[in-house]
Structures are given as structure tokens and as C-alpha cells.
Amino acid sequence: MLEGQIPQPYELVDIEYAKLGGDMVLSVFVDKPGGITVEDTADLTDLISPLLDTIQPDPFPENYFLEVSSPGLERPLKTATAMEAAVGSYIHVSLYQAIDKKKQIEGDLLSFDGETLQLEYMDKTRKKQVEIPYKLVSKARLAVKF
């Protein structure tokens, strides 16, 4: 990235700080319209790394690796805004309590009004629709349909 150049409108999707193998890794997941390129991840790493070094007190006192990457095909849906943007997509939903005797459901997100997801899924050989209260969703992500 050239000095002074305005970066593309990146979206911060998620941040994770975890031990992988014997190393601590700070993972920053970003996206943008059209997707993230290898050059984008390199540019963002060059931008983020020195900024992290200026934070006092240091939030990451241990040595760690910084990893900037795309959220991938199975992007997490962590906010109501992300869920809204996923309407029309195939998603995987994990629930705090079972609905239709299922705690995990994969299907097409037909609608989301901020409080309820309308999902169409296959139950063996039949298509079914289910309404899921958003407050019961423990995790959600885009899913790949096979």
C-alpha cells in the first residue's frame, strides 16, 4: 500500500486470540466487497502490527503471531447485521435449546426481522420451515451446501 493511500472499505468480521500449537496467535478476520486478496492481508498486517505495538499497557504481553485473513466460506454471523446480510444464504445455526428436537440446523435463511429467523431445511426427504428466536442462537455461520 502506498503511503497516504486510503485503504479499501474493509469489514472487521472477528478477532480471536488463542493458543495454536505452542504459540499464541492473534487472528484478525476481515472482508470487503469482492473478497480479500493476499496483498490485502499483507497490507493490513503492515498497518495493524505497528499500531498494536503502540497500545499501553500492552494487551498482549506474551510473544504472539499476528494473522490477518479472510473469514472464509463459513464466515461467522456474530451480529444481527451480519444475520440480516445473510438472508437468502445457506447457514448453520447452533441453538442453546432444541427446536424440533434439533440443537443444530442447516438450511436456507428465508428471513430475519431482528428477533426471529425463518429457516427452510431438509428433514430427511422433506423440506420444513422453522422459526427460530434469535435469542436462542448460540452460534451461526454461513455453510457450504453439498
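The values are calculated or read from the model by the stated rules, or taken from the named source; none is laboratory data. None of the values given here were measured: they were computed from a predicted structure. Please note: Cβ atoms are built from the backbone with ideal geometry, for glycine as well, and neighbour counts cover all protein chains shown. With ligands, DNA and RNA removed, areas are computed over all heavy atoms of the protein, side chains included. Shrake-Rupley method; radii C 1.70, N 1.55, O 1.52, S 1.80 Å.
Points worth noting:
- Residue within the range 102-119 that is at pLDDT 90 or above, of a type in the set (Ser, Thr, Tyr) and under 23 Å from residue 142 (Cβ atoms) present: yes
- Qualifying residue in the range 109-117 (condition: farther than 16 Å from residue 14 by Cβ, of a type in the set (Gly, Ala, Ser), touching a residue at least 24 places away in the same chain (Cβ under 8 Å) and touching a Phe, Trp or Tyr at 6+ places or on another chain (Cβ under 8 Å)): yes
- Pairs with Cβ under 7 Å, 6+ apart, first in the range 72-87 and in contact (Cβ under 8 Å) with a residue 40 or more places away in the chain and closer than 15 Å to residue 144 by Cα, second open to solvent by 40 Å² or more (accessible area, probe 1.4 Å) and part of a loop (DSSP other than H, G, I, E, B): 73/144; 74/144
- Being open to solvent by less than 40 Å² (accessible area, probe 1.4 Å) and more than 30 Å from residue 114 (Cα to Cα) holds for only one residue in 23, 53, 40, and it is 40.
- Of 88, 35, all but one fail to be farther than 18 Å from residue 13 by Cβ and outside any strand (DSSP E or B); the exception is 88.
- A search for C-beta distances below 6 Å between a residue of the range 1-20 that is surrounded by 11 or more Cβ atoms within 10 Å (Cβ to Cβ) and any residue that is modelled with pLDDT of 85 or more and not hydrophobic (A, V, I, L, M, F, W, C), counting only pairs 6+ apart in sequence or on different chains, returns 1/43; 8/32; 10/32; 11/31; 13/31; 13/71; 14/76; 16/27.
- Of everything in the range 121-132 that is in a strand (DSSP E or B) and not β-branched (Val, Ile, Thr), the residue that is farthest from residue 82 (Cα to Cα) is 126.
- Verdict on residue 135 being assigned to a helix (DSSP H, G or I), open to solvent by 50 Å² or more (accessible area, probe 1.4 Å) and not β-branched (Val, Ile, Thr): yes
- Residue check for residue 96: open to solvent by less than 100 Å² (accessible area, probe 1.4 Å), at pLDDT 95 or above and aromatic (Phe, Trp, Tyr): no
- Test for residue 105: is it free of Cβ contacts under 8 Å to residues at least 40 places away in the same chain and either hydroxyl-bearing (Ser, Thr, Tyr) or within 24 Å of residue 13 (Cβ to Cβ) (or both): yes
- The set of residues in the range 56-92 that are β-branched (Val, Ile, Thr) and surrounded by fewer than 14 Cβ atoms within 10 Å (Cβ to Cβ) comprises 79, 81.
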